[in-house]
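To keep things clear, I will list the structure first and then write my remarks on it.
Derivation of every value follows stated rules applied to the coordinates shown; laboratory data play no part. Computed from a predicted model, the values in this text were never measured in an experiment. Don't worry about glycine lacking a Cβ; one is built from the backbone with ideal geometry, like all the others, and counts go over all protein chains shown.
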Amino acid sequence: MKIKAKQYALALLELVKDKKEKEIKGFLDQFVAVLVKNNQISQIDKILGFFNDYWNREKGEIDAEITSVEVLDKHSLKAIGEYISAKSEATTVNLIEWQEKEILGGMVLKYGDKILDNSVRARLRGVKAEMLK
């Protein structure tokens, strides 16, 4: 039975949780050796993505991305961070801001496994789909 990326990520989390930096290096070397032995080193990016999510959850943190047409003001970013914190029960929100003219307006918010697309582009696609019915 093949081990899934999520299972590897959880195993890695258990290995390194509450360990010192020197110990972690040894565990990482062993972990990579297991991936190579099991011919699953190609999953390393996926495993590390899941690991990062689990690690942040363990530490009470969450990564989030906000995409808008223009740079948002500090008040808006603070309100978005508080919203994400309340919804995810995270104590710290690591918010990365992107600008993308193609969304036309509004914003796209990604955190955890959620995507909230409140962009003008998405609304126009919805209107187009309704008109084509």
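Assorted remarks:
- Hull shadow area, averaged, the stretch 1-69 [alpha-carbon convex hull, nm²]: 6.2 nm²
- Calculated from backbone phi, Karplus (6.51, -1.76, 1.60) coupling profile of the stretch 9-16 in Hz, x at Gly/Pro: 4, 5, 5, 4, 4, 5, 5, 9
- Modelled label reach - Asp73, point 7 Å along Cα→Cβ, the stretch 102-121 residues with backbone N closer than 20 Å: 105-108
- Scalar couplings 3J(HN,Hα) for the stretch 110-116, obtained by applying the Karplus form with A = 6.51, B = -1.76, C = 1.60 to θ = phi - 60°, are 10, 7, x, 9, 10, 10, 10 Hz; x denotes Gly and Pro.
- Beta bridges per DSSP with both ends in the chain, % antiparallel, nearest 5: 60 percent
- Net charge dipole size for the stretch 5-57 [Lys, Arg +1 and Asp, Glu -1 on Cβ; Debye, nearest 20]: 40 debye
- Highest mobility in the GNM of the chain, judged by mean-square fluctuation with C-alpha springs under 10 Å and restricted to Tyr111, Tyr54, Tyr83, is found for Tyr83.
- Debye, to nearest 20: dipole size of the chain, +1 on Lys, Arg Cβ, -1 on Asp, Glu Cβ: 480 debye
- Measure of compaction for the stretch 61-131 (Cα Rg per 2.2 N^0.38 Å): 1.17
- The lysines within cross-link reach of Lys74, meaning a Cα-to-Cα straight distance under 26 Å and a gap of 8 or more places when in the same chain, are Lys59, Lys87, Lys101, Lys110, Lys114.
- In plain terms, the chain from Ile41 to Lys4 could stretch by 12.1 nm, reckoned as 0.36 nm per residue minus the Cα-Cα distance.
- In this structure, the amide hydrogen of Ser119, modeled 1.01 Å from its nitrogen in the peptide plane, lies closer than 5 angstrom to those of Met107, counting only residues at least 5 positions away or on a different chain.
- Spacing of the two label points (7 Å from each Cα toward its C-beta) at Leu132 and Val120, in nm: 2.2 nm
- Highest mean first, the peptides 32-45, 4-17 sorted by other C-beta atoms within 10 Å per residue fall in the order 4-17, 32-45.
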